[in-house]
Amino acid sequence: MKTEVTEIADRIYRLSTFVPMVGPKGFTFNQFLIDADEPLLFHYGHRAMFPLISAAVKSVIPLERLRWTTCSHVEGDESGALNQWLAAAPNATPAHGQIGCNIWLTDMADRAPRPLKNDETIDLGGKRVRWLDTPHVPHNWDAGLIYEDTTGTLFSSDLFTQFGACAATTTDDIVDAAIVTEKAVPFMPATPQAAPTLRRLAALKPRTIALMHGPAFQGDGAAALGALADYYETRQH
Ligand SMILES: [Fe+2]
Ligand SMILES: [Fe+2]
C-alpha cells in the first residue's frame, strides 16, 4: 500500500491510501492537510496506517509545524491514530466539537483538546476553517465536519462514500455511487436531522467536496448535497 498526495485546492492536500482488501472492490481512506501559517490535519487515520500517512504529511511539511488536528467523529479510520499524531507533532492541539470533547476526546487524547463551538472559525493564517456540528451525520453523536472558507472546500467525512479505486478529483456525479453504497452498507442513520443537516451544508455552496472514501468532487456542491438530502428524506418514510 502507498499513500498518494494530491493538492486538490490551493495548499489543500489529499492523502489517499487505497486498501484493496476492504469491501467488494477495495476502499480508499483519505486524510487532508490544510497548509497555512498554522497547518491543520483532518482525520488521524488508522493506527496501522500511521507510518504511511505521517510520511505523506512529512513530504509536504515537517510534523513540528502541524498546529491543529481534528476529525469528524470517533471511529478507527477517523480517529485511531490520535495519540500517535500527538506524540509525533508536539505543537498540534486536537480540536473537536464540544460533544466529542465531552464523550471521548478529553479522556482519550494524551493532550488537552480545544473544544469548538458550532460554526466557530479557526483562523489558520491564510486559511480559515469552520467547525460544523452535524450530530449523527454521517454517524455518531459527536459528528462534525469542517469547511475551509477561502477555497470553498467542504470536508465531508463519510458522506458520499463510494467503493473501489478512484481518481484524486472528479467533476462526475457522486450521488449515485453514494446511494449504491448506502443501500449496500447502511452506515448513516436516517434520523430526522439527516436531511436538514445536509441542506444546511448545501447552503454553504461548496466548490469542492473532499470525500474521505472517494474522490474530491469539484462542481456544484449544493446540488450534490441537496440530492443526498432528498434521498435521506425518502428513507425516513
Ligand atoms: Fe465513520
Ligand atoms: Fe470514514
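The values are calculated or read from the model by the stated rules, or taken from the named source; none is laboratory data. All of these numbers come straight from a predicted model, not from anything done at the bench. We place every Cβ from the backbone using ideal geometry, glycine too, and count neighbours over all the protein chains shown. Only protein heavy atoms, including side chains, enter the accessible area calculation; ligands, DNA and RNA are left aside. Shrake-Rupley method; radii C 1.70, N 1.55, O 1.52, S 1.80 Å.
Give segment 41-75 a look and list any residue that's open to solvent by 50 Å² or more (accessible area, probe 1.4 Å) and either hydrophobic (A, V, I, L, M, F, W, C) or within 16 Å of ligand 2 (Cβ to nearest atom) (or both), or say none.
H46, R47, A48, L52, A55, E75
I need the full set of residues from segment 76-87 which are open to solvent by 10 Å² or more (accessible area, probe 1.4 Å) and farther than 17 Å from I146 by Cα, in order please.
The answer is G76, G80, N83, Q84, A87.
Any residue in segment 4-14 that is buried (at least 24 other Cβ atoms within 10 Å of the Cβ), part of a loop (DSSP other than H, G, I, E, B) and not aromatic (F, W, Y)?
no
Scan segment 134-151 for residues that are within 16 Å of H43 (Cα to Cα) and more than 16 Å from ligand 1 (Cβ to nearest atom) and report the count.
2
Look at L204 and say whether it is assigned to a loop (DSSP other than H, G, I, E, B) and within 15 Å of ligand 2 (Cβ to nearest atom). Break it down into steps so the answer makes sense when it comes.
Working: assigned to a loop (DSSP other than H, G, I, E, B): yes; within 15 Å of ligand 2 (Cβ to nearest atom): no.
When the stated conditions are applied, L204 does not pass them.
Would you point out which residue out of R111, R128 is more than 15 Å from ligand 2 (Cβ to nearest atom), farther than 18 Å from L228 by Cβ, open to solvent by 30 Å² or more (accessible area, probe 1.4 Å) and free of Cβ contacts under 8 Å to residues at least 24 places away in the same chain?
R128
For a quick check of your reading: which strands (runs of 3 or more DSSP E) sit entirely within segment 35-112 and have at least 2 residues that are modelled with pLDDT of 95 or more and within 16 Å of ligand 1 (Cβ to nearest atom)?
Output list reads 93-97.
Among F42, F50, which is the only one that is aromatic (F, W, Y) and within 22 Å of D149 (Cβ to Cβ)?
Numbers: F50 fails: within 22 Å of D149 (Cβ to Cβ).
On inspection, the qualifying residue turns out to be F42.
Considering every residue within segment 206-218, establish whether at least one is loosely packed, with under 15 Cβ neighbours inside 10 Å and closer than 17 Å to L15 by Cβ.
The answer is no; no qualifying residue exists.
Let me confirm something: among A165, A203, A224, A190, which residue is at pLDDT 95 or above and under 29 Å from C101 (Cα atoms)? First the steps, then the outcome.
Details: A165 fails: under 29 Å from C101 (Cα atoms); A224 fails: under 29 Å from C101 (Cα atoms); A190 fails: at pLDDT 95 or above.
It is A203.
Could you look through segment 76-108, keep only residues that are within 16 Å of ligand 2 (Cβ to nearest atom) and of a type outside the set (A, V, I, L, M, F, W, C), and pick out the one that is farthest from F50 (Cα to Cα)?
G100
Any residue in segment 165-185 that is open to solvent by less than 20 Å² (accessible area, probe 1.4 Å), away from ligand 2 (no atom under 13 Å from the Cβ) and within 22 Å of K127 (Cα to Cα)?
no
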